[in-house]
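Have a look at the structure below before the remarks.
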Amino acid sequence: MKNKGLTLIELLISITILSIILFVLTQIWLTIQRDALLHRIDGELERGVSLAISHLKSDITKALFIYPPGFAINLVDNSGSNYGFGTFTTFSTGTQALVLVVPVEGNLYKFNIYITRARTGSFFDSSNPNARFLLRYSTNLSWTPIYSSGNITNLINYFTFSSTNKPIPLSDYLDDNGFRIKYFYLDLLPGHSNDYSFFELTPANYTIGKKVQLVDINIKAKRRFGNFQRERTTTITLAPSTF
């Protein structure tokens, strides 16, 4: 009996079918890999935003005092943390920097500083060149607040951090302006004797008698991957315990 092999046409058809099958399987595998990566990115962004909100809620609601916007801060970071600012930085409290004072016991207070830092050096991501970390610095200091017109006048403006109190990275891949704070104080409505409302507090209208009684915080994490962009955004409004 004579063996019959594949003709050239049959061989070409078989190769074509196999190529199509391999192409389809490759596309399915790439889609699964892409979806898994995007799911992981979504999870990381969500966890970072949730972690930041958890810390902010805890610190703000327990706060004795929230620094007003426009207050100059000197921060010396000798912690050696890869996330930290390094030896020295200066900034002002305001739309992207928050300083809170939480009582511990007696004259001991916890000073919590929320500030963003660019993803530079080994953290730089060319697909997300403007991405930032949200950091939380925290230190306990002995301090006796001095009050005038119901507000504290002797605020600490110089903080030093060592290896025992390294900054904690909360959210990663924040948008360039992904941590925004608005400060509010309660005051009488113009022309009214009993009706109060909240007014935004800024460096331009701050006076010693105006105390931060409410903060509105917006957090936006955003990360690009290839042709895809993933985002997580949330806004919280919180008041300190000493409202």
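Here, each number is a calculation from the coordinates, and none is a lab measurement. Just so we're clear, the structure is a prediction, and the values are computed from it rather than from any experiment. Cβ coordinates were reconstructed from backbone atoms using ideal geometry, including for glycine residues, and neighbour counts include every protein chain displayed.
Figures for the structure shown
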| quantity | calculated |
| --- | --- |
| Radius of gyration, Dmax [the stretch 2-90; alpha carbons; angstrom] | 30.0, 97 |
| Most mobile of Leu25, Leu56, Leu186 in a GNM of the chain (Cα contacts under 10 Å) | Leu25 |
| Length-normalised contact order for the chain - Cα pairs under 8 Å, 6+ apart - percent | 22 |
| Residue-wise HN-Hα coupling along the stretch 218-231, computed from phi with Karplus coefficients 6.51, -1.76, 1.60 (Hz; x: Gly, Pro) | 10, 10, 10, 9, 9, 9, 9, 9, x, 8, 10, 9, 10, 9 |
| Share antiparallel - DSSP beta bridges, the chain, percent rounded to 5 | 95 |
| Nonlocal amide H pairs with Gly70, under 5 Å, H built at 1.01 Å | Thr93, Gly94 |
| Along each principal axis, Cα extent of the stretch 90-146, largest first, Å | 49, 21, 15 |
| Nearest 10 degrees, 0 to 90: helix 8-62 Cα axis against the chain principal axis | 10 |
| GNM result for the chain, Cα springs below 10 Å: residue of Leu134, Leu37, Leu75 fluctuating most strongly | Leu37 |
| Helical mean residue ellipticity (222 nm; -39500 (n - 2.57) per DSSP H run of 4+; nearest 500) of the chain | -8500 deg cm²/dmol |
| Listed values (i) 130; (ii) 261; (iii) 208, entry calculated as volume of the Cα convex hull per residue in Å³ | (iii) |
| Rounded to whole Hz, the Karplus (6.51, -1.76, 1.60) HN-Hα couplings of the stretch 200-210, x for glycine and proline | 6, 9, 10, x, 6, 10, 6, 9, 4, x, 9 |
| Distance from the stretch 69-106 to the stretch 110-174 (C-alpha centre basis), Å | 4 |
| Highest average packing first - 175-184, 199-208, Cβ atoms within 10 Å | 175-184, 199-208 |
| Choice from His192, His39, His55 with maximal GNM fluctuation in the chain (Cα, 10 Å cutoff) | His192 |
| Relative contact order %, the stretch 43-117, counting alpha carbon pairs below 8 Å whose residues are six or more apart | 28 |
| DSSP-defined antiparallel bridges as percent of all bridges, the stretch 81-147, nearest 5 | 100 |
| Estimated D of the stretch 56-139 in µm² per second, where Rh is the Kirkwood radius over Cα pairs and Stokes-Einstein applies at 4 °C, 1.567 mPa s | 92 |
